[in-house]
Amino acid sequence: MNTILRIADTDVAFEAAPGQDVLSAALQAGIDLPYSCRKGVCGNCAGSIAAGQVHPLPGTTLEHPACAPGEVLFCRAAPSGEVTLAPRHWQRVDASARRRLTAKVFRNTRAAPDVSILQLRLPAGKRAKFRAGQYLQIVLPDGSSAPTPWPIRRRRAMA
Ligand code: FES
């Protein structure tokens, strides 16, 4: 049975599937909350629970040094019953504006031992429009996704 999530002091409400974390449910509903890693590492998704209860996803914790007193990591929090959120920041986004494109890795260059520069090739006639500062979420064929969104850089012109 789905859980109802609300944003405090608004009429915004959305559902979370059983076992789904608060951040994923919000993003799926077109509610943009601050986040980066979605793995409990960065602390960017910290926010407060105004009413109701959340519990940590299995094997994780709700706490992080970036959390102020009373805050939890929304990417690690599964709601129990009806929950009212008080995020640090939020905005509505047009979920239909998100696009999923299939691309092939054209080149993988190791810029450092822990940094790769991936050049992706889109199918003929497909373009990925983006604005400065946007990120790309890479989803692999098995459905898993890269732990961190990738910054997008326009391909340099080839000489
Ligand atoms: S998004 Fe990084 S800790 Fe939640």
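The values are calculated or read from the model by the stated rules, or taken from the named source; none is laboratory data. These numbers were taken from a predicted model, which means no experiment stands behind them. Virtual Cβ from ideal backbone geometry, glycine too; neighbours counted across all protein chains shown. Remember, those area values only see protein heavy atoms, side chains included, never the ligands or the DNA or RNA. Shrake-Rupley method; radii C 1.70, N 1.55, O 1.52, S 1.80 Å.
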**Message:** If A50 satisfies all but one of (1) of a type outside the set (D, E, K, R); (2) away from the ligand (no atom under 14 Å from the Cβ); (3) at pLDDT below 95, what's the number of the condition it fails?
**Reply:** (3)
**Request:** Have a look at F74, F130 and point out the one that is of a type outside the set (S, T, N, Q) and modelled with pLDDT of 80 or more.
**Result:** F74
**Among the candidates A86, A51, A103, residue that is closer than 30 Å to K129 by Cα and of a type in the set (G, A, S)** = A103
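Being outside the structural domain of S36 (by TED's automatic domain parsing) and in contact (Cβ under 8 Å) with a residue 24 or more places away in the chain is true for just one of A128, A132. Which residue is that? Steps first, please.
On the way: A132 fails: in contact (Cβ under 8 Å) with a residue 24 or more places away in the chain.
Checking each option against the conditions leaves just A128.
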**Message:** The conditions are (1) under 17 Å from the mean Cα position of the chain (by Cα); (2) modelled with pLDDT under 95, and P87 fails exactly one of them. Which is it?
**Reply:** (2)
**Request:** Could you figure out which of (1) in contact with a strand residue (DSSP E or B) (Cβ under 8 Å, 6 or more places away or on another chain); (2) of a type in the set (S, T, Y); (3) outside the structural domain of I138 (by TED's automatic domain parsing) isn't true of T109?
**Result:** (3)
**Asked** Among (1) within 13 Å of the ligand (Cβ to nearest atom); (2) touching a helix residue (DSSP H, G or I) at 6+ places or on another chain (Cβ under 7 Å); (3) among the hydrophobic types (A, V, I, L, M, F, W, C), which single condition is L85 missing?
**Response** (1)
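At least 1 residues that are open to solvent by 20 Å² or more (accessible area, probe 1.4 Å) and free of Cβ contacts under 8 Å to residues at least 60 places away in the same chain in each: list the strands (runs of 3 or more DSSP E) lying fully within the range 1-95 that qualify. Reasoning before the result, please.
Working: elements: 3-7, 13-16, 46-56, 71-73, 77-87.
Filter on the range 1-95 gives 13-16, 46-56, 71-73.
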